[in-house]
Structures are given as structure tokens and as C-alpha cells.
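The values are calculated or read from the model by the stated rules, or taken from the named source; none is laboratory data. Everything quoted here is computed from the prediction, not taken from an experiment. With ideal geometry, Cβ positions are generated from the backbone for all residues, glycine too; neighbour counts draw on all protein chains shown. Note: areas computed on protein heavy atoms with side chains; ligands, DNA, RNA excluded. Shrake-Rupley method; radii C 1.70, N 1.55, O 1.52, S 1.80 Å.
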Amino acid sequence: MSVVRATEKVWLRSYDEGVPATLDYPSVPLHALLDETARRHPDAVATIFGGVVGGRLLDAKMTYGELSRLADRFAAGLQSLGVAKGDRVALMLPNCPQFVIAFYGALRAGAVIVPVNPLYTPPELRGQLADSGAETLVVLSRLYPVAREALAGTAVKRVVVTNIKEHFPPLLRWLFTVARERKEGHRVDLRGDERAVRFTDLLRRAERPRPVAVEPSDLAVLQYTGGTTGTPKGAMLSHRALVANVLQCRAWHRPEEGETGLAVMPFFHVYGLTCVMNFGIACAGALVLIPRFDLAHILLAIQKHRPKAFAGAPRIYVAVANAPDLEKYDLRSVEAFVSGSAPLPLEVQQRFERLTGGKVIEGYGLTEAAPVTHGNPRRGKRKVGSIGLPYPDIDARIVDLETGTHDLPPGEVGELVVRGPNLMDGYYGKPEETALVLRDGWLYTGDIAKMDEEGYFSIVDRKKELIIVSGYNVYPREVDEVLFAHPAVLEAAAIGIPHAEKGEVVKAFVVLRPGAPATADEIIAHCRRSLAPFKVPVAVEFRAELPKSLIGKVLRRQLAEEERAAAARR
């Protein structure tokens, strides 16, 4: 069989009509996206933000003109504190207007953004601040105590503190102040902390920042990721790479200008940052901001604001499909439910579509690619279980797992490697690890995949999560799919555990649906009907929940560590 090489790009034949094979990329910094939209649509709605009170959604709107003015004030405020081009500004915020203001304001000041998970503990936060060299931290007031504890041993000189209520509508702000602010720890005293300044005070210092020359090749974001080796690393994403991926996403989805989108995926994660926030701003869209995962808030927001697109993760689709009152909500405005950040189990996709009537489109990306490289066509042929086709200007290949140097033909399984204008420049301060994943312009993803004759790619599993039983490869995702097909299973994850004779065997971790009993023997018997004997779990452990990242990715590594610790105790 002849080898299909990346230069042939067979996937172009399956593109939606109107999606180009290649794009022109303007030589502009990332914040030019907001500059242009605010210039062309100053009165268009940029953000919608609020909360649920008594089953009703109360929210307030901000226009692009106002957003741009506040970003300018924030940039000027940072400059008044001494922030200069190239300085690191860490953002420890949920999805709220302050994140958008601070992100674009810091970029206008020439700073580099370091997004931080708001759920980090002090040691986790300290590690990221120290590694990135951040000198400024923007943090939610409720998280200020965590920040103070984490700052020892870091370079942080300035802490900008913001209260979540600052952009609430008046009634919600009053209710929050009376009932929740003090009780939930949002009201903090900054006296005695010379590093601390309030977000609102910073905005009052000046209206316009001093101009800063920012080149497309300059570093824009240090996005931390476990990458292909599992240790935290800062992926260096340039202005050019981030602009390129936003434009690739826009060309792929071809949204209407001003289209409303629901911002559930967190902006501190590159999926939410590019595919929701920056994408929405480039399209002059209205961003309905959801600060934390709240199913009622999500469903009410869809019903009230009628978004056409929804970017989510598998855990969101699991939650929606299992909502007891799902029939109360009208979700028909959403033309495409996009799934990313983690593999989407087939059973979850089919159940969600059956209950909602919606269409789920799976895509693929990774932090090192800013992040999107593949997606199913939004309007054309969708292949369930596939991550779809490479985006415009993305080359993709399947190479052998042993050396990574030989292209494999359609249907064969190997490692997915990609290249394009959206790739990172490398891992910050880690040249050896950079050299492992960036080779001759290609990014080695660490994902095991295959491509079919039409150019559709499918992820089989993570290279590092491969289970080898008596010399045979077992892909955990394949076992997961079978587990999900059991009617009593709500969530599942398979891992490899040591075995004296076979090297490894499969163990399954299962969360059962409420009120749906099942035994380990029943689960194992179910697997035997669909899997080869060496792939069948030898043990099943039932859990109330599985460990997940904030974006819903099951942490197999944590399950494996817990299993090793339990074995050591035994």
C-alpha cells in the first residue's frame, strides 16, 4: 500500500464548502483583535455576566467600546505600577469581565500573560509563579488569602485584587453584598499589604497607556501544561501563534458576526482562551460568561440568550444528559455543541444527542498548538468517534511509535504529529523537553491515532497511557467505551496495574448512575462480550467520583498513583 503523506492533504476534499485550504495571517499582535472589533462595533455587546437568583438569571451587559476603554485603563494602571514590556502578569480569575479586561489590558502594556487555575493550592500557585517569573498577580478577592500564602519565594511585587461582584447587575450586586460576600470570603482587608491594590482603584489611575511596540513574534502567553511528559511546563505561545489559531477556528466554523457564545470553558485553559474568548472577540460576538460549572446557570443561559455555538467538554455533556429536569429547557438555538479538551465517549455523545436533539462536533487540540488542530466539519460530513480533519494550514501525519520517522498508511495506528503556524515556540526554560516534542518543525503530540482514506483522524489513546498486557497493546479509551455502554455506568476510566507474569493488566474505575446497581462481576462479564480476553479488566473499583481537571479531563495518572500507593500499603 502506498503511503499517504501530509503534502497530499487528502482531507481537503472533505472540507465544508467555503472553508479555505490556506489563510492570510495579518502581522498583528493578539490584542489587535479587540482593537479592530471595538473600532468597528463599539456598541455591540461584548460580555454578559451575572448569576441565578430564585430560578431566574440576572445579568448585565458590557459593550466592546466599554471593554476597550477599561482594557486601556488597566494597561495604564499596570504601567503606573512599573510593569514594562515582557513582564509576566499572572491571572488567577474565573470567567468574568475582569479576566477579559486584564488579559487585553496587560497585552496592551506589552506584558506576557500567565493564566492560573483558580483552584490551585498555595504550593501549586507558588510553583507556577516562581517558574514563570511573574511579578504581578491579578486575583479574585476570595482567593487573596491563598495568594498571600503562596508569594514567599516568588518574584511577585504587585497583587491586584478584584471582587467577583464588580460587574454584576445592580440587584444581584446588592443581594450578593448582603447575603454572600462576607460569608463566602469575598470581602478582604488589604491594609498592611504594600503589594496589594484594588482592581477598581487601578482603573482610575489613567485613561490611556503609553504605546508599546509589540511584534507578532513576541511572547504573548505562558500557558502551563503537563504536556507529553506529565510535568508542569510553560508552553510559550506567541502573538502570531494565537492569532493564527483564532483565524483558523473562525475560517472553520464561519460564524455570523455578532453571534452569541456561551463561555463555560475556563479562560485560564487554552481551549477556553482561544476557542471561546479570543474567538468570540474576533467575531464581535457576545460572550455569556459562566464563572464556575453550574448546570442550572448553563441551561438558563442557553434558554435566555439563544447562543448558536457551545464549546464544552465531555463532563458537561454527561451532566446535561443526566439533568433530571432537562425537558424544561429549550436548547434548540445551539447549532453545534463542540467537544474538546478530552476524548468524548461514544455513549455520552449518543445519549446527549438523543435527549437534546443537538449535534455534537468533536475536535482536537493541545496546549502546544494554541490549541486546535482538528475538527469535524460544522455543516458537512461528521464521523462519530473521529476528531475530524486538520484545520486550514495544518499538516498532520501518523508516524511509527518506535522512531517517529516513518509515515504510516491510512488505517494503521501510530503517533499523531502536526505542524502549522499555531505551534508554540517551545517550553519555557526547558530546552531538552522542547527538543523531545518539536522536531524539524513538527509537534509530536504523544497521542496514538490513525487516519482513514478520507483524511479523518481518530485518537486511539495517549502514548504514555498505553497498557501492555503480555506484550499486547491495550488502549484505555477502547476499554472506556465498552464500560460506558453498560446501562448502569455513568463514568469510567481504565488504567494498567502491575502484574508479575503479564507485566500489566487492566483495572477499571467506575461511577454508577444514581439508583442503578451493578456488581464488579457484572461489569467484567459485560466487557468480555466486547473485548479480547487480554483487554478485559481483572478488577473493578467503584467510586463516587473520578478525579478530574477543572475542564473535566479524567486524571488517569492520579488513579495510577493512588493504585500504587494502595499496593504499597498492602
Relative contact order computed over the chain (Cα-Cα under 8 Å; 6+ residues apart), in percent:
13
Would you mind calculating the relative contact order of segment 317-453 from Cα pairs under 8 angstrom and at least 6 residues apart, reporting the percent as a whole number?
17
So between Asp193 and Leu119, what do we pick up on full extension, going 0.36 nm a residue minus the alpha carbon distance?
24.4 nm
In whole Å, largest first, the alpha carbons of segment 38-138 cover along the principal axes 41, 36, 19
Taking a probe of 1.4 Å, how large is the accessible area per residue of the chain, in Å²?
41
Using a 1.4 angstrom probe on the protein heavy atoms only, could you order Leu416, Leu300 from most to least accessible area?
Leu300, Leu416
What is the sum of charges, Lys and Arg at +1 and Asp and Glu at -1, for the other residues whose Cβ falls under 12 Å from the Cβ of Phe74?
+3
Give me, ordered by chain and number, the residues 5 or more places off Ala46 or on other chains with an amide H under 5 Å from its own placed amide H.
Met62, Thr63, Tyr64
Would you grab the residues whose amide H sits under 5 Å from the one on Tyr391? Only those 5+ places off in sequence or on another chain, please, with H modelled 1.01 Å from N.
His374, Gly375
Expressed as a whole percentage, what fraction of the accessible surface of segment 62-122 belongs to carbon and sulfur atoms when a 1.4 Å probe is rolled over the protein heavy atoms?
52
Considering every pair of different Cα atoms, what Kirkwood radius, in Å, is found for segment 188-257?
16.5
Accessible area of segment 154-264 with a 1.4 Å probe: how many percent of it is carbon plus sulfur?
50
Give the Rg/Rh ratio for segment 253-359, taking Rg as the radius of gyration of the Cα atoms and Rh as the Kirkwood radius, to two decimals.
0.93
Checking rank on 323-331, 364-372, with mean other Cβ inside 10 Å and highest first, the result is 364-372, 323-331
Residue by residue through segment 41-51, which ³J(HN,Hα) values in whole Hz follow from phi under the Karplus form 6.51 cos²θ - 1.76 cosθ + 1.60 (θ = phi - 60°), with glycine and proline marked x?
9, x, 9, 6, 6, 9, 9, 10, 9, x, x
Using Cα-Cα distances under 8 Å and only pairs 6 or more residues apart, what relative contact order does segment 382-533 have, in percent?
16
Excluding Gln349 itself, calculate the net charge of residues whose Cβ lies under 12 Å from the Cβ of Gln349, where each Lys or Arg counts +1 and each Asp or Glu counts -1.
+1
What is the sum of charges, Lys and Arg at +1 and Asp and Glu at -1, for the other residues whose Cβ falls under 11 Å from the Cβ of Glu259?
+1
Compare the peptides 61-73, 106-118 by average per-residue count of other Cβ atoms within 10 angstrom and give them in order, highest first.
106-118, 61-73
With x for Gly and Pro, the residue-by-residue ³J(HN,Hα) of segment 68-85, computed from phi through the Karplus equation 6.51 cos²θ - 1.76 cosθ + 1.60 at θ = phi - 60° and given in whole Hz, is 5, 5, 5, 5, 4, 4, 5, 4, 5, x, 4, 4, 5, 8, x, 6, 10, 4
Mean shadow area of the chain over all directions, Cα convex hull, nm²
26.7
